[in-house]
1. In whole Å, how far is the Cα centre of the range 24-64 from that of the range 74-120?
2. Can you pull the one-decimal nm distance between simple spin-label points at ALA15 and TYR227, each 7 Å off the Cα toward Cβ?
3. Hey, what do the phi angles of the range 54-65 turn into as Karplus ³J(HN,Hα) couplings, whole Hz, using 6.51/-1.76/1.60 and θ = phi - 60°, x for Gly and Pro?
4. Of all alpha-carbon pairs in the range 14-101, indicate the percentage at a distance above 20 angstrom.
5. Just check the range 48-87 against the gyration tensor rule for me: Cα atoms, a ≥ b ≥ c as the square roots of the eigenvalues, rounded for a/c under 1.5, and otherwise prolate or oblate depending on whether a/b exceeds b/c.
6. Put one equal scatterer on each alpha carbon of the range 139-250, apply the Debye formula with no solvent term, and list log10 I(q)/I(0) at q = 0.13, 0.16, 0.18, 0.22 1/Å to two decimals.
7. Which sequence of VAL236, VAL160 reflects their accessible areas, 1.4 Å probe, from the largest down?
8. When you count, for each residue, the other Cβ atoms within 10 Å and take the mean per peptide, how do 353-362, 264-273 rank with the highest first?
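The values are calculated or read from the model by the stated rules, or taken from the named source; none is laboratory data. Keep in mind the model is a prediction, meaning the values are calculated, not measured. As a convention, Cβ positions derive from the backbone with ideal geometry for all residues, glycine included, and neighbour counts pool all protein chains shown. For accessibility, only protein heavy atoms count, side chains too; no ligands or nucleic acids. Shrake-Rupley method; radii C 1.70, N 1.55, O 1.52, S 1.80 Å.
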Amino acid sequence: MTELTTADATLASAAKPATLPARPFFSSGPCAKPPGWSADRLGVDSLGRSHRSKIGKTRLAYSIDLMRELLNLPDTHRIGIVPGSDTGAFEMAMWTMLGARPVTTLAWESFGEGWVTDAAKQLKLDPTVIKADYGQLPDLSTVDFSHDVLFAWNGTTSGVRVPNADWIPADREGLTFADATSAVFAYPIDWAKIDVATFSWQKVLGGEGGHGVLILGPRAVERLESYTPAWPLPKVFRLVSKGKLAEGVFKGETINTPSMLAVEDAIFALEWAKSIGGAAGLIARSDANAAALDAIVAQRDWLGHLAADPASRSKTSVCLTVEGADEAFIKSFAGLLEKEGAALDIAGYRDAPPGLRIWCGATVDTADIEALGPWLDWAYAQTRAAV
């Protein structure tokens, strides 16, 4: 471990806090379940039934309708439930639509780097790559929108997000592809600027993994119906039949068999979100959580934000630096908190600089973020003493 140099007598004698967070679930995916969640509160009538049955189709369509309502999605955009979580949804979009135009990929964290690899090494498209280091956002003014443009709205592994969609022109020639898995339901999204968006229920909704959601704007549909990629497409990627969009996919007729238990879990989360005010309520909860964590960071010299600029700092997957810490220190630090039941799964992503990552999405309660502060002090003091 790297020796830590902060001299702080108060921290050195930090006592173990008396109060634990009521729900210490701060993982950045899968994320905390919605408050009040219990398995026995999920609908079960669709379980053990075919997803092609009347009830199966009805529940799938209902989940799509709820997502459309909560996202304030215009009628021009379609929503489909697809396999493979957010990764599957984004790769489905890449494999079916890229190649018609030059491609620009933006990368400032691990998943953005993954889309660079897919475009360059798998699809062999020779993309223009615009990169920034962890904690930074690249210069968005340099993007050429005659290209198809791929980006992550919220970098889950770096804690960096795009501030808004103002940098995307309305008269763009290429398509915009937004990996929005940690952004949907947490920020207002200008859907007129987004041609393709993907996300997973396991993030802001606190749902289960394995299923992705694919949102297509009219320009994306036009691309699908007018362009055939040069490479073969596996069955689970096929969105077009006889030159036309497979509309059934966007009405709940999934390409392959979905988990109806995961669908019922997502419906629970969506109905909960609706009960607290929809998108506005979800955004307000995320904002409050991020503000509470920011206050904790501001009060501690040994903690910092990996994303230095507040304008591009995530309000969901908040990544923190710990003064002088290396990977071993963070592993011990996070392990102490997990053993005490104070915070689960808060070590930073394996490819990111050593630090902490604390989920502040809507399914987390602000009181639990506030209760976390003294526990961070205690774990820091304990881990530093063991160095």
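1. If we compute the Cα centre of each part, the gap is 25 Å.
2. It is 6.4 nm.
3. Those phi angles translate into 4, 5, x, 5, 5, 6, 5, 5, 5, 5, 5, 4 Hz.
4. Details: 2440 of 3828 pairs.
Summing the P(r) of the range 14-101 above 20 Å gives 64 percent of all pairs.
5. Details: a/c = 2.62, a/b = 1.48, b/c = 1.77.
Cα axes put the range 48-87 in the oblate bin.
6. Debye curve over Cα of the range 139-250, log10 I(q)/I(0) at q = 0.13, 0.16, 0.18, 0.22 Å⁻¹: -0.56, -0.84, -1.04, -1.34.
7. Details: VAL236 55, VAL160 0 Å².
Largest accessible area first, the list is VAL236, VAL160.
8. On the way: 353-362: 24.7, 264-273: 22.7.
Put in order of decreasing packing, that is 353-362, 264-273.
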